[in-house]
Amino acid sequence: MEFHMCPIGIIHSPFTDKSQTPIQASRSQAKGVVEVFPEFAEGLQDLEGFSHIFLLYAFHESSGYSLLVKPFLDDQLHGLFATRYPARPNPIGLSVVRLITRNGNTLEIKGVDMLDGTPLLDIKPYVPDFDIRTGTRNGWYNARNK
């Protein structure tokens, strides 16, 4: 089975090189702009009422992958799917960012951790009733070599 996806917009950020990007959006104070293509702008209606949004995007400068990786915050090998490592079979990124404001088809955001020019695949609102879980476990992350 194969899927075909087209970007709905472009994410603009201050980061032009992979080595510059923060490890995760929660560790970033960087601001950026999401430019949603005009044909999708109507879908932004009512989004400004949310403080945070999920951005799903393509790791457009990632190529290849390994099923065992050393994540950025550990020095041990882990299974790719137990990490947020960017080189993946389907190079899809996910970040939760703060929505500062909406101006027409553009969103000003904070917590940017992606490259400038990143293709945007989707936007979803962050809803604590749906997204916060209690009784979670953090696997290798809590036991890592800090």
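The values are calculated or read from the model by the stated rules, or taken from the named source; none is laboratory data. If you're wondering where the values come from, they're calculated on a predicted model, not measured in any experiment. Quick reminder, even Gly has a Cβ in these numbers, built from the backbone with ideal geometry, and neighbours come from all protein chains shown.
Scan segment 102-146 residue by residue and report those that are under 18 Å from the mean Cα position of the chain (by Cα), surrounded by 10 or more Cβ atoms within 10 Å (Cβ to Cβ) and among the hydrophobic types (A, V, I, L, M, F, W, C).
Those that are under 18 Å from the mean Cα position of the chain (by Cα), surrounded by 10 or more Cβ atoms within 10 Å (Cβ to Cβ) and among the hydrophobic types (A, V, I, L, M, F, W, C): Leu107, Ile109, Val112, Met114, Leu115, Leu120, Leu121, Ile123, Val127.
Filter segment 36-47 for residues that are surrounded by 14 or more Cβ atoms within 10 Å (Cβ to Cβ) and of a type outside the set (Phe, Trp, Tyr); which is farthest from Thr118 (Cα to Cα)? Spell out how you get there, then give the answer.
As a first pass, look at segment 36-47 and keep what is surrounded by 14 or more Cβ atoms within 10 Å (Cβ to Cβ): 36, 40-41, 44, 47.
After this cut, where a residue has to be of a type outside the set (Phe, Trp, Tyr) as well, the list is 36, 41, 44, 47.
On the way: Val36: 12, Ala41: 18, Leu44: 19, Leu47: 21 Å.
Selected residue: Leu47.
Could you check segment 101-126 and list, in sequence order, the residues that are modelled with pLDDT of 95 or more, β-branched (Val, Ile, Thr) and either more than 13 Å from Ala58 (Cα to Cα) or not in a strand (DSSP E or B) (or both)?
Selection gives Thr101, Thr106, Ile109.
Failed condition for Tyr65, given (1) without any contact (Cβ under 8 Å) to a residue 40 or more places away in the chain; (2) surrounded by 13 or more Cβ atoms within 10 Å (Cβ to Cβ); (3) not in a loop (DSSP other than H, G, I, E, B), with all others met?
Result: Tyr65 fails condition (3) only.
Mind listing whichever residues of segment 68-93 are touching a Leu at 6+ places or on another chain (Cβ under 9 Å), outside any loop (DSSP other than H, G, I, E, B) and surrounded by fewer than 14 Cβ atoms within 10 Å (Cβ to Cβ)?
Correct list: Leu68, Gly79, Phe81.
Can you name every residue in segment 62-79 that is in contact with a Pro (Cβ under 8 Å, 6 or more places away or on another chain) and modelled with pLDDT of 90 or more?
Of everything in segment 62-79, those that are in contact with a Pro (Cβ under 8 Å, 6 or more places away or on another chain) and modelled with pLDDT of 90 or more turn out to be Tyr65, His78.
Being surrounded by 14 or more Cβ atoms within 10 Å (Cβ to Cβ), at pLDDT below 90 and small (Gly, Ala, Ser) is the filter here; which residues of segment 8-31 pass it?
Passing the criteria: Ala25, Ser28, Ala30.
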